[in-house]
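Let me begin by presenting the structure, written as structure tokens, before commenting on it.
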Amino acid sequence: MNDNPLLSLFGYFALLSLFAVGGANAAIPEMHRIAVEVMQWMTERQFADSFAIAQISPGPNIIIVTLIGYHVAGLAGAAVATAAMCGPTCLLAFLVARTWDRFKEARWRIAIQSGLVPVSLGLIAASAFVLARSADHNIYAAIITGTTALVGFATRINPLWIFAVGGLMGLSGWL
Amino acid sequence: MSDSTRSPAGTPFPVTTLPSLPELFRAFVIVSISGFGGALPWARRMIVDQKHWMTADEFNEAFALSQFLPGPNVVNFSVVFGSRFGGAPGAAVALAGLMGPPLIIVTVLAFLYARFGDVEMLSRILTGIAAAATGLLIAVVAKMAAPLFLKRWDWAPLIAIAAFIGVAIMQWPLPWVFAGLAPVSIALAWMKR
């Protein structure tokens, strides 16, 4: 975009925030495309690590942008990336909240909402694909991913336990 | 809010208390630091079950609005909820409560990672966590896809597959894929009804 990393961070994430239908998980592929491929701010490894750190941190998953921002430009980068990712949509939420009652039953509103469901599903599936490519660089990591997918689908276990097991498996030196 | 200020027969607690700004802030701080793997269930527990600031229906409606908007749902929700009870200051306070503690924690983690990310042990642990977290995301996708793919096939699964191919395989920029697919999908949803 241009040479100033803070401006690039702001521009990319502010734009991305408006297309992130389905929240943080839908925005992962675009973050990856920008941070790893276009701008080459971080390696595949660092991106996968940032995702892992965001997952084990409390709070909204969108916090991964704070990690990317910090990696690019320290504290200022963290602040700018977070503000860019949350600012536009928060402003929109504030404005729409006052008029929501008027159009919540409108046919166009219902069409937009149900029309966006398959789009965000496709985006989140793409996130899983992109992350699997970053994180599963050998067969053992892929086995962990496959197993947790099954466990996550079949049970309602607290994700922290799954992360703990994954972390221990990693520590054991298999991966 | 018509039925919420009274106490309908089915509701054990009347929703009469309105949160003050400090209460709003505290509530969202608690939601944010309890919310591993998604803050929504914690927001519901706090707002509907514990504080009785909203009925379950009101909560669902406010959350539907948050999902309707782009961006992180829980962040949108904090703004919608805060502004309903306290206008712009309420929205700011709820947002600050939700984002403040995680921002501090994650900034510390980012600092530690920048410092020690190359340490072999730490990087192994993170590799394991990333692999496990990816698996959980696949489970989320499967749960979301089940209702769409298992019922009678219509256009929706095709849109989802096209979005996946565009972003994951072709690696096109998200705004392009969105601009190409969202209008088609919305038009199809409009005509179906």
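The values are calculated or read from the model by the stated rules, or taken from the named source; none is laboratory data. Predicted model only: the values in this text are computed from it and were never measured. Ideal geometry is used to build each Cβ from the backbone, glycine not excepted, and the neighbour counts take in all protein chains shown. The protein model used for the area step is the full one, side chains on, heavy atoms only, and it has no ligands, DNA or RNA in it. Shrake-Rupley method; radii C 1.70, N 1.55, O 1.52, S 1.80 Å.
Could you sort B:19-27, A:161-169, B:112-120, B:134-142 so that the peptide with the highest average Cβ count within 10 Å comes first and the rest follow in order? Display every interim value, and only then the final one.
On the way: B:19-27: 18.0, A:161-169: 20.3, B:112-120: 13.0, B:134-142: 23.9.
Ranking, from highest mean packing down: B:134-142, A:161-169, B:19-27, B:112-120.
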Next on the checklist: For a quick check of understanding: with a 1.4 angstrom probe and all protein chains in place, what accessible area in square angstrom does B:Lys143 have, to the nearest ten?
Outcome noted: 100
Checklist outcome for this item: Against the 2.2 N^0.38 Å rule of thumb, the C-alpha Rg of the range B:132-182 sits at a ratio of 1.26
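Treat the range B:50-193 as a sphere of radius equal to its Kirkwood radius over Cα pairs and apply Stokes-Einstein at 10 °C in a medium of 1.306 mPa s; give the translational diffusion coefficient in µm²/s, rounded to a whole number.
Values: Rh = 19.2 Å.
This corresponds to a translational diffusion coefficient of 83 µm²/s.
Averaged over peptide A:43-53, how many Cβ atoms belonging to another chain are found within 10 Å of each residue's Cβ?
Mean shielding by partner chains, rounded to a whole number: 6.
Peptide A:158-167: average number of partner chain Cβ atoms within 10 Å per residue? Numbers along the way, then the final one.
Numbers: counts 2, 7, 2, 1, 7, 9, 4, 3, 12, 10.
Mean number of neighbouring Cβ atoms from other chains: 6.
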Next on the checklist: Against the empirical 2.2 N^0.38 Å scaling, what ratio does the C-alpha Rg of the range A:1-115 come to?
Outcome noted: 1.18
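Determine the shielding of peptide A:62-69 by partner chains: average, over its residues, the number of Cβ atoms on other chains within 10 angstrom of each Cβ. If you can, show how the numbers build up before the last one.
Numbers: counts 7, 10, 1, 2, 8, 6, 1, 2.
Mean number of neighbouring Cβ atoms from other chains: 5.
With runs of 4+ DSSP H residues as the only contributors, calculate the mean residue ellipticity of chain B at 222 nm using -39,500 (n - 2.57) per run, divided by the residue total and rounded to the nearest 500. Please report the intermediate quantities before stating the final value.
Values: 7 runs with 136 residues, N = 193.
Helix contribution divided over all residues of chain B: -24000 deg cm²/dmol.
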Item to check | Probe 1.4 Å - accessible area at A:Asp101, Å² to nearest ten | outcome: 100
Checklist entry - Using only the Cα atoms, what convex hull volume per residue in Å³ does the range A:68-167 have? => result 177
Checklist entry - What is the Cα radius of gyration of the protein assembly as shown over 2.2 N^0.38 Å, N being its residue count? => result 0.98
